[in-house]
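As structure tokens, the structure follows; a few thoughts come after it.
The values are calculated or read from the model by the stated rules, or taken from the named source; none is laboratory data. Small disclaimer: the values here were computed from a predicted structure and weren't measured. Virtual Cβ from ideal backbone geometry, glycine too; neighbours counted across all protein chains shown. With ligands, DNA and RNA removed, areas are computed over all heavy atoms of the protein, side chains included. Shrake-Rupley method; radii C 1.70, N 1.55, O 1.52, S 1.80 Å.
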Amino acid sequence: MSSGPLDRRTFVRMLGAAGVAVGFAGPLGPFGARPAVAAPAAAAATRGAHQPFMHGYDAAALKTWSPETDRWARYFRSRVPLAARIPAFAATQADPGLATGPQLMNLSFDYDNSFFTAYKYGDVFARRLLRFWQYTDLYGSWHGLPVDGSPEDEPVHGVVNPPNPAWTDAAHRNGARSLGCWFWPRTGEFGDYLERRADGSYPVADGMLAMAEYFGFDGYFLNQEAEISSADAHELMRMLEYLRAKAPEGFHLQWYDTIMTNGKLDYQNAFNDKNADWVQHGDTPVNHSFFANYWLTEEGVATSRRTALERGLDPYEAVFHGTETEKYGFNPPFDTRIVCPDGEPARTSWALFGSHFPWDRYPDREDPDAQGEVFVRERHYWSGPNEDPTRTGRTEYVPWPDEDDGKPRDEHNFRKWDGVARYITERSVIGGFPFVTRFNTGHGRAFFLAGRQVSDREWNNISIQDVLPTWQFWTRGAGGAEPLRAEYDYGLAYDGGCSLRFSGRLTPEGPTTARLFKTRLRVTGGERARLVYATDGREGRVELGLITEEDPDTVTWLPAGRPDAGRRWTTAELPLAALAGRTVAAVAVRFATTGGPADHTFRLGELAFLPGRPAPRPAAPAGFTVDAVHPAGDTAEVFLSWRVARQGVWYYDLTRELPDGRTESLGRIFDDVYYVKALDRAGAERGTELRLTAVAPDGTRGGTAVATVRWPG
């Protein structure tokens with residue numbers, strides 16, 4: 001750990017002068033270098049010979065950017081629109097007294113398995129994903145990718161890279177904005193990025209805007225971590241003013257606490273008169289917000305708030321004070337309560353760097369059998385040491401034993417970590433009918449359709465992640481009984497890769513209640529809920545609980561019937577007519593038993609809130625075409641395309657029918673292209689018939705288009 005900003009400044013200058021790309025380490029602030037995120041070694045993650053992968057952009061590429069000339073551009077678009085979040089409603093918050101204004105910036109990596117070959121989806125289950133979008137308002141990365149054609153052994157990084165579109169899809173589905181990245185220093189001359197045409201336009205800025213529109217993301221995180229000349233700093237500010245003025249509504253630019261307006265690198269650890277011009281230069285807007293470096297002090301945070309107010313800016317919109325967790329895990333050196341004091345409104349908004357650490361720093365992160373521990377660590381991070389957003393707060397420090405137990409040193413130590421839910425209120429996008437979730441986290445060890453397993457391959461694709469429970473996990477046992485433990489179950493699913501499992505000991509007197517979703521669903525009379533569940537015995541009972549805005553202290557319980565003895569999954573259709581004229585503000589489930597004390601397991605496969613009239617059945621996808629086939633023996637890489645529907649489609653399912661009549665899933669996406677990494681030939685078949693099915697937002701399966709892959713010989 002270095003002693004102050006001067007060491008960091010010298011470090012960056014030295015690397016920049018040597019032409020070294022320092023983006024791997026992230027914005028370090030005064031604490032010196034950290035190790036880069038480790039690249040996984042799983043053999044299954046090997047890139048296909050023709051597999052599309054993401055890349056970065058230098059000045060030349062930005063000035064001439066076009067999707068027609070950008071290799072693989074069409075395979076890295078986000079198509080999911082930004083969902084609107086419902087208004088805050090304190091009565092159903094995990095902490096009703098928590099202020100709703102403070103926002104969260106989540107600066108993390110989204111490159112799946114590598115800095116050099118980032119994919120939209122892959123064939124490995126053990127991958128870092130995010131299951132807690134409900135606390136994130138802005139999402140971004142920080143380090144960049146090599147330019148197209150750059151050798152992997154000596155990569156040349158671009159200054160700009162888009163976010164992974166799969167992460168943008170997931171962010172948008174949850175109402176969070178996704179930001180691309182600008183990182184300097186890189187090789188080349190900085191002045192090349194500042195070219196200004198005779199008409200006053202900036203070709204690099206125009207390229208950045210065009211890329212954001214085409215790829216479907218919402219702005220940029222600007223990480224200018226090396227000194228530049230005073231003249232270049234002046235021109236950079238003019239270019240950012242131009243960029244913001246041309247940007248569409250909802251576009252966001254966030255500036256990291258780096259250089260002064262004279263180009264000198266000097267981390268201030270606060271928003272003050274030395275750097276505030278990067279957000280507002282006189283009366284001219286530049287960036288929308290400021291990410292303050294990590295050296296938190298009472299004085300610095302007070303200065304940030306005062307500076308924002310003096311300039312007519314909302315401190316919650318304009319200032320995000322940062323906490324470093326990639327390096328420090330659950331014990332950052334500066335206390336978050338300096339920004340968010342207990343019992344008082346936060347002074348500014350909050351920024352996290354390194355929310356990927358629960359996965360990245362776990363020694364067995366590549367082991368698919370060890371992911372359960374990763375998920376526990378993730379809940380510690382977001383919901384607090386008790387894995388419950390209603391019971392946040394650091395726990396007593398547990399000293400480490402003298403012997404080495406082989407576990408990471410942050411695992412049992414919560415001296416300075418309360419959980420994100422301690423300071424940031426949960427958000428929700430569930431504001432209308434239909435709403436459907438299958439609790440699909442975006443990866444799996446198999447794939448299921450309508451309760452049947454249709455693939456035994458591992459996969460990851462956060463692009464198709466469902467909206468997950470708002471509270472992970474808010475459970476209570478009646479009469480003081482120990483509640484059932486909640487967890488995602490990747491061994492059995494109704495649709496996608498997992499179900500939501502509740503397991504443990506139940507007695508007739510001690511049912512478990514779990515609050516799942518924050519909602520704003522206005523019931524008019526014809527709507528209904530659908531709950532698909534499984535139990536391990538006939539004694540298990542499930543009820544759906546609904547809490548309304550009009551009476552938030554009362555739960556209306558709707559029994560989900562008796563388990564279907566002839567099927568693994570039971571489907572309960574529950575009319576909502578009894579709540580007509582009211583607004584459902586929260587959704588819960590209750591698990592009970594009619595037998596004696598015993599261990600029970602319940603799984604939720606689907607929860608849906610449906611309008612009175614079903615949505616129109618989607619038409620078969622138009623223009624379904626096999627664009628290219630690259631065979632290698634009895635497997636082939638396949639490129640597919642079709643015309644994406646403008647409305648009325650949730651996603652597209654890609655399947656094939658095997659010779660024995662079974663259906664095999666090959667992928668799911670909301671896009672107009674798909675890459676199949678390894679299509680297996682069935683026996684000596686000359687052609688493999690692929691089927692593409694459109695699925696409506698309420699889950700109704702629509703028309704199917706067919707295309708055939710022809711095998712050589």
Considering the options Tyr675, Pro697, Gly687, tell which one lies farthest towards the positive end of the dipole of segment 658-698, charges being +1 on Lys and Arg and -1 on Asp and Glu at the Cβ, about the Cα centre.
Gly687
Non-local amide H neighbours of His321 (under 5 Å, H modeled in plane, Pro and chain starts lacking H): which ones?
Ala292, Ser349, Trp350, Ala351
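Taking the DSSP beta bridges in the chain as the whole, what percent of them are antiparallel, to the nearest 5?
Numbers: 103 of 134 bridges.
In the chain, DSSP labels about 75 percent of beta bridges as antiparallel.
Using the per-residue mean of other Cβ atoms lying within 10 Å as a proxy for protection, in what order, highest first, do the peptides 316-322, 677-683 fall? Show your work: numbers first, answer last.
Numbers: 316-322: 25.0, 677-683: 15.1.
Ranked from most to least packed, the peptides come out as 316-322, 677-683.
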Top positive-direction residue, dipole computed over the chain with Cβ charges, set Pro611, Gly149, Leu521:
Pro611
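How would segment 171-216 be classified by its alpha-carbon gyration tensor: rounded, prolate or oblate, with rounded meaning a/c under 1.5 and the a/b versus b/c comparison settling the rest?
Details: a/c = 3.84, a/b = 1.69, b/c = 2.28.
Taking the square roots of the gyration eigenvalues as a ≥ b ≥ c, segment 171-216 is oblate.
Determine the gain in length on full extension of the stretch Thr261-Ala90; use 0.36 nm per residue of separation and subtract their C-alpha separation, reporting nm with one decimal. Numbers along the way, then the final one.
Details: separation 171, 0.36 × 171 = 61.56 nm, distance 4.15 nm.
Gain on stretching Thr261 to Ala90: 57.4 nm.
Where the accessible area of segment 587-713 is counted over protein heavy atoms with a 1.4 Å probe, how much of it, in %, is carbon and sulfur? All intermediate terms of the calculation are to be shown ahead of the outcome.
Numbers: 2590 of 5460 Å².
Of the solvent-accessible surface of segment 587-713, carbon and sulfur hold 47 percent.
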To the nearest Å, what is the center-to-center distance of segment 54-121 and segment 652-707, using C-alpha atoms only?
28 Å
Which percent of the accessible heavy-atom area of segment 299-355 goes to carbon and sulfur, probe 1.4 angstrom?
49 percent
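Only sites in a loop by DSSP and with at most 11 other Cβ atoms within 10 Å count here; which chymotrypsin sites (Phe, Trp or Tyr not before Pro) in segment 608-648 make the cut?
Numbers: sites: Phe609, Phe624, Phe639, Trp642; in loops: none.
Listed in order of number, the matching sites amount to none.
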Take every DSSP beta bridge with both residues inside segment 102-234 and express the antiparallel ones as a percent of the total, to the nearest 5.
20 percent
When the charge dipole of the chain is computed with +1 on Lys and Arg Cβ and -1 on Asp and Glu Cβ about the Cα centre, the Cα farthest towards its positive end, among Tyr267, Thr570, Gly322, belongs to Thr570
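Please list, by residue number, every one of the GluC sites (Glu not before Pro) in segment 635-713 that is coil in DSSP and has at most 16 other beta-carbon atoms within 10 Å.
On the way: sites: Glu637, Glu657, Glu664, Glu685, Glu689; in loops: Glu685.
Passing both the DSSP loop test and the Cβ count: Glu685.
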Tensor-based shape of segment 599-648 (alpha-carbon gyration tensor, a/c under 1.5 rounded, otherwise prolate or oblate):
oblate
Which whole-Hz couplings ³J(HN,Hα) result when phi for each residue of segment 310-324 is put into the Karplus expression 6.51 cos²θ - 1.76 cosθ + 1.60, θ = phi - 60°, listed in order with x for Gly and Pro?
5, 9, x, 10, 6, x, 7, 8, 9, 10, 10, 7, x, 10, 8
Ala622-Thr663 FRET efficiency (beta carbon distance; Förster radius 22 Å; 0.05 resolution):
0.45
Mind listing the phi-derived Karplus ³J(HN,Hα) values for segment 467-482, rounded to whole Hz, using 6.51, -1.76 and 1.60 with θ = phi - 60°, and x for any glycine or proline?
5, 8, x, 4, 10, 10, 9, 9, 10, 9, x, 5, x, x, 5, 5
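With only Lys, Arg, Asp and Glu charged, each at its Cβ (+1 for the first two, -1 for the last two), find how big the charge dipole of the chain is about the Cα centre; round to the nearest 20 debye. Each step should come with its number before you reach the end.
Working: 78 positive and 93 negative charges, 379 e Å.
I would put it at about 1820 debye.
Are there any GluC sites (Glu not before Pro) in segment 469-576 that are in a DSSP loop and have at most 15 other Cβ atoms within 10 Å? List them by number. Numbers along the way, then the final one.
Numbers: sites: Glu487, Glu509, Glu527, Glu539, Glu543, Glu549, Glu550, Glu573; in loops: Glu509, Glu527, Glu539, Glu549, Glu550.
Counting only loop positions with at most 15 other Cβ atoms within 10 Å, the GluC sites (Glu not before Pro) in segment 469-576 are Glu509, Glu550.
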Sorted peptide list for 499-508, 198-207, criterion being average Cβ within 10 angstrom, highest first:
499-508, 198-207
Around Pro285 (Cβ within 15 Å, Cβ-to-Cβ, excluding Pro285; K/R +1, D/E -1) the net charge comes to -2
For Cα Rg over 2.2 N^0.38 Å the list reads (i) 1.61; (ii) 0.96; (iii) 1.21; the calculated value is entry (ii)
Hey, what's the chain come to in accessible area per residue, 1.4 Å probe, Å²?
37 Å²
Computed ³J(HN,Hα) along segment 98-106: with the Karplus parameters 6.51/-1.76/1.60, θ = phi - 60°, integer Hz and x for glycine or proline, the list is 7, 5, 9, x, x, 10, 10, 9, 10
Probe radius 1.4 Å, ligands and nucleic acids ignored: give me the carbon and sulfur share of the accessible area of segment 117-276 as a rounded percent.
44 percent
